1. What's the number of the only condition in (1) in contact with a strand residue (DSSP E or B) (Cβ under 9 Å, 6 or more places away or on another chain); (2) of a type in the set (A, V, I, L, M, F, W, C); (3) at negative phi that ALA298 fails to meet?
2. Residue check: is LYS277 modelled with pLDDT under 90, under 30 Å from GLY123 (Cα atoms), exposed (fewer than 15 other Cβ atoms within 10 Å of the Cβ) and not hydroxyl-bearing (Ser, Thr, Tyr)?
3. Under the condition of being modelled with pLDDT under 95 and assigned to a helix (DSSP H, G or I), which residue from region 232-247 is surrounded by the most Cβ atoms within 10 Å (Cβ to Cβ)?
4. In region 211-231, what count of residues is obtained for those that are surrounded by fewer than 19 Cβ atoms within 10 Å (Cβ to Cβ) and either among the charged types (D, E, K, R) or over 24 Å from MET101 (Cα atoms) (or both)?
5. Quick one: ARG215 ticks every box in (1) assigned to a helix (DSSP H, G or I); (2) within 20 Å of LEU185 (Cβ to Cβ); (3) without any contact (Cβ under 8 Å) to a residue 24 or more places away in the chain except a single one, so which number is it?
6. Residue check, VAL195 against (1) touching a residue at least 12 places away in the same chain (Cβ under 8 Å); (2) within 29 Å of ILE293 (Cα to Cα); (3) in contact with a Phe, Trp or Tyr (Cβ under 8 Å, 6 or more places away or on another chain); (4) not in a loop (DSSP other than H, G, I, E, B), all met but one. Which one?
7. Considering (1) surrounded by 15 or more Cβ atoms within 10 Å (Cβ to Cβ); (2) within 22 Å of PRO102 (Cα to Cα), say which one GLY200 fails and leave the rest.
Amino acid sequence: MSSADTFSGIHTFVTTARAVSFTEAAERLEVSKSAVGKAIARLEQRLGVMLFHRTTRRLSLTADGEAYLAACSGALDEIRDVENCLMSKAHEPSGQLRVDMPVALGRQLILPVMMEIGQRFPGLSFTLTFNDHLIDPVEEGVDLVIRFGDPGNQQGLIARPLSSQRLIICAAPAYLKSRGTPQTLADVDNHASIVTYRRGQPLGWRVMVDGHGQRVVPPATHQIGDGQAMIDVALAGLGLCQMPLCVVRKHLETGALVSVLEAFEPEPLNVYALWPKTAHLRPKVRCLIDTLIELGEAGRLN
């Protein structure tokens, strides 16, 4: 089989997988339904695996088909990005840019940057998701992940710090008026706390005690897996919470939230950009990373 036939078969497979029927795939490819079926059959024979479950109603991908689709889609997207770059006189980034970010931090800091980039480069289109847990960008088909805190050793990923963020323990004035203002970490045991809920358990707070960073476990009165929801619960006067300064700054400035236990504030934590390690970084991803680094160095991500 020639390389041209191979690439044609891959294109037919990806189109069929996304269309979920031979008929719709044939219409998109402007060929006959039987031509699509024969192309898929030849591809399956060459690979030695079944790519689709076939029923009278619809097609569905096998496990091998899912894996092959992920690989082929990424390769075709990269080829398309490079072609778009080469064909553009200005070499401007274009295509689909997929970014995953934390809920509160993403909305406050990263989303405005994405909108600026979208205005600057109209050839870009976005798929934005908001999660407060680290995802696998390769598995999820994401170009770039933004995360708060040290991501650790993530195999197959490149991590770049963008900015650092202070961590603030705060509460609503009404809550403090009702329950009192804690002066020591021991006082926290007598308070209601709003903590991050992740992987089936509540997470502690980072604090500084006698010059040493520590983690303390406050009473997990309210366990929430969404950063923005944590802020909303704190604003409602339901307890103390610890959040990055950037996502509560406006509430501190208006007095809707009040900072407490400032003597125990920990060292700032970094905001990281993570992306899959590849031989060729796509222009659209490079554009976003460079812009985020530039804005971080200018203090726009603080």
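1. (1)
2. yes
3. Out of the qualifying residues, it is VAL247.
4. The number of residues fulfilling the criteria is 11.
5. The number of the failed condition is (1).
6. The number of the failed condition is (2).
7. (1)
Residue-wise test of (1) within 30 Å of SER94 (Cα to Cα); (2) part of a strand (DSSP E or B); (3) of a type in the set (Lys, Arg).
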| position | (1), (2), (3) |
| --- | --- |
| ASP187 | no, no, no |
| ALA220 | no, no, no |
| SER259 | no, yes, no |
| LEU301 | yes, no, no |
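The values are calculated or read from the model by the stated rules, or taken from the named source; none is laboratory data. Computed from a predicted model, the values in this text were never measured in an experiment. Quick reminder, even Gly has a Cβ in these numbers, built from the backbone with ideal geometry, and neighbours come from all protein chains shown.
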